[in-house]
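J.: Take a look at this one; I'll ask things after.
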Amino acid sequence: MRILVTGATGLLGQELCPLLEQEGWKFWATNSKIFDITNTKMVNEIIKKVSLDFIIHLAAYTNIDQAEIYTKNAFDVNHIGTKNMAEIAKKFDVPIIYLSTDCVFDGKKTTPYRVDDPTNPINVYGESKLKGEEEIRKLCKKHYIVRTGWLYGKGGKSFVDTMLTFSSLRDEISVVDDQIGCPTWTKDVAREIVELIKGAKPYGTYHICSLGKASWSEFTSKIYEIKKRPTKVTSIEKSDFPRPAKRPRYCVLESSCAMPLWDESLEKYLLANNTSTSADIKSVLI
């Protein structure tokens, strides 16, 4: 098995690549510095030099607020870049896994979103990722589209690290309580992606996220409870914390596979001492 992984240095990529190695698969881990997916000519030139059996496309423009300002950049990466990867998968006739998001939905439901629910993104990030989904479906018969929730994990900036950083700086913190989602450990998603590579499920669209739901405020409180941090969490509404991009009020996904409860995975992650206290506070979505 020879696998191309884009976005390998991101949160999910850093968790997935060691699992690929454990399986004994050969993989080419890339990032934007060595493999610019928006540069069609560069992509085609590099791909000529390799032989592929599978593509895992994780690379994305993920800063939701910046996407509202730098709209072209978001669409270049999430739409055009994904189209380029889909063209490669089509050319080589190999399967492709595309990592998508809960932000393709508008958040108006009050029950978990199913894979066949209508999409209706309310921000540029969600729109650009949905365009990527459309390119994958149009160009690649052999595809897996994986939508997931609020990812956290080791080796990068995540909400968990940011909240722990805050707890070392403040006695009290205000966190949004009227946005509901699925906190999901990257390790759990990575394991399921490995199963997809093995052909455990037919091609199609899947939701892979932890079971249960939480608000950002509840998520934060659970982090502090597990780590025994004394910082007080005060719940606020998202209108009290204005951001450039709109956020879905409710973006809980109905998982397509057996997954652990979100708080159980969070406890395993935190007690494994995976977290750092050097997160960039400004860069994480609240």
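J.: Out of everything in region 106-125 that is within 17 Å of the chain's Cα centre (by Cα) and farther than 25 Å from ASN73 by Cα, what residue ends up being surrounded by the fewest Cβ atoms within 10 Å (Cβ to Cβ)?
T.: Looking at the filtered set, the residue picked out is VAL115.
J.: Do we have any residue at all in region 263-270 that's touching a Phe, Trp or Tyr at 6+ places or on another chain (Cβ under 6 Å), assigned to a helix (DSSP H, G or I) and modelled with pLDDT of 95 or more?
T.: Applying the first criterion (touching a Phe, Trp or Tyr at 6+ places or on another chain (Cβ under 6 Å)) to region 263-270 yields 265, 269.
Next, from what is left, pick out any that are assigned to a helix (DSSP H, G or I): 265, 269.
Keeping just the survivors that are modelled with pLDDT of 95 or more gives 265, 269.
Scanning region 263-270 turns up at least one residue that is touching a Phe, Trp or Tyr at 6+ places or on another chain (Cβ under 6 Å), assigned to a helix (DSSP H, G or I) and modelled with pLDDT of 95 or more.
J.: Determine whether region 113-126 contains at least one residue that is at pLDDT 95 or above, more than 21 Å from ALA8 (Cβ to Cβ) and in contact with a strand residue (DSSP E or B) (Cβ under 6 Å, 6 or more places away or on another chain).
T.: Yes, because at least one residue in region 113-126 is at pLDDT 95 or above, more than 21 Å from ALA8 (Cβ to Cβ) and in contact with a strand residue (DSSP E or B) (Cβ under 6 Å, 6 or more places away or on another chain).
J.: Step by step: first the residues of region 183-241, then only those that are closer than 22 Å to VAL252 by Cα and aromatic (Phe, Trp, Tyr), then the one that is modelled with the lowest pLDDT. Which residue is that?
T.: Only one residue tops the list, namely PHE241.
J.: Among the listed residues VAL175, VAL146, identify the single one that is over 19 Å from HIS79 (Cβ atoms), touching a residue at least 24 places away in the same chain (Cβ under 8 Å) and not hydroxyl-bearing (Ser, Thr, Tyr).
T.: Numbers: VAL146 fails: over 19 Å from HIS79 (Cβ atoms).
Matching residue, one of VAL175, VAL146: VAL175.
J.: A further question follows. I'd like the full set of residues that are out of contact with any Cys (no Cβ under 7 Å at 6 or more places or on another chain), more than 20 Å from LEU4 (Cα to Cα) and of a type in the set (S, T, N, Q), limited to region 175-204.
T.: GLN179
J.: Further question: Please verify whether region 4-15 includes one or more residues that are assigned to a strand (DSSP E or B) and β-branched (Val, Ile, Thr).
T.: Our first condition is that a residue be assigned to a strand (DSSP E or B); within region 4-15, this holds for 4-6.
Checking the rest, the ones that are also β-branched (Val, Ile, Thr) come to 5-6.
Yes, some residue in region 4-15 is assigned to a strand (DSSP E or B) and β-branched (Val, Ile, Thr).
Yes or no, residue by residue, for (1) surrounded by 14 or more Cβ atoms within 10 Å (Cβ to Cβ); (2) free of Cβ contacts under 8 Å to residues at least 24 places away in the same chain; (3) touching a Leu at 6+ places or on another chain (Cβ under 9 Å); (4) more than 22 Å from ILE69 (Cβ to Cβ):
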| residue | (1), (2), (3), (4) |
| --- | --- |
| LYS228 | no, yes, no, yes |
| VAL233 | yes, no, no, yes |
| LYS246 | yes, no, no, no |
| TYR250 | yes, no, no, yes |
| GLU254 | yes, no, no, yes |
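J.: Among (1) in a loop (DSSP other than H, G, I, E, B); (2) in contact with a strand residue (DSSP E or B) (Cβ under 7 Å, 6 or more places away or on another chain), where does GLY199 come up short?
T.: (2)
J.: Is it the case that some residue within region 208-224 is assigned to a loop (DSSP other than H, G, I, E, B) and on the phi > 0 side of the Ramachandran plot?
T.: yes
J.: Quick test for you: out of GLU237, GLU218, pick the one residue that is assigned by TED's automatic domain parsing to the domain that holds ASP171, of a type in the set (Asp, Glu) and under 17 Å from THR184 (Cβ atoms). Write out each step before concluding.
T.: On the way: GLU237 fails: under 17 Å from THR184 (Cβ atoms).
Selected residue: GLU218, the only one of GLU237, GLU218 that is assigned by TED's automatic domain parsing to the domain that holds ASP171, of a type in the set (Asp, Glu) and under 17 Å from THR184 (Cβ atoms).
J.: Pairs needed: first member in region 189-211, closer than 20 Å to VAL94 by Cα; second member anywhere, among the acidic types (Asp, Glu) and buried (at least 17 other Cβ atoms within 10 Å of the Cβ); C-beta distance under 6 Å; at least 6 residues apart or different chains.
T.: Going by the 6 Å Cβ cut-off, the qualifying pairs are ALA190/GLU15.
The values are calculated or read from the model by the stated rules, or taken from the named source; none is laboratory data. Predicted model, so just to flag it, every value in this text is computed and none were measured. Cβ: placed from backbone, ideal geometry, glycine included. Neighbour counts: every protein chain shown.
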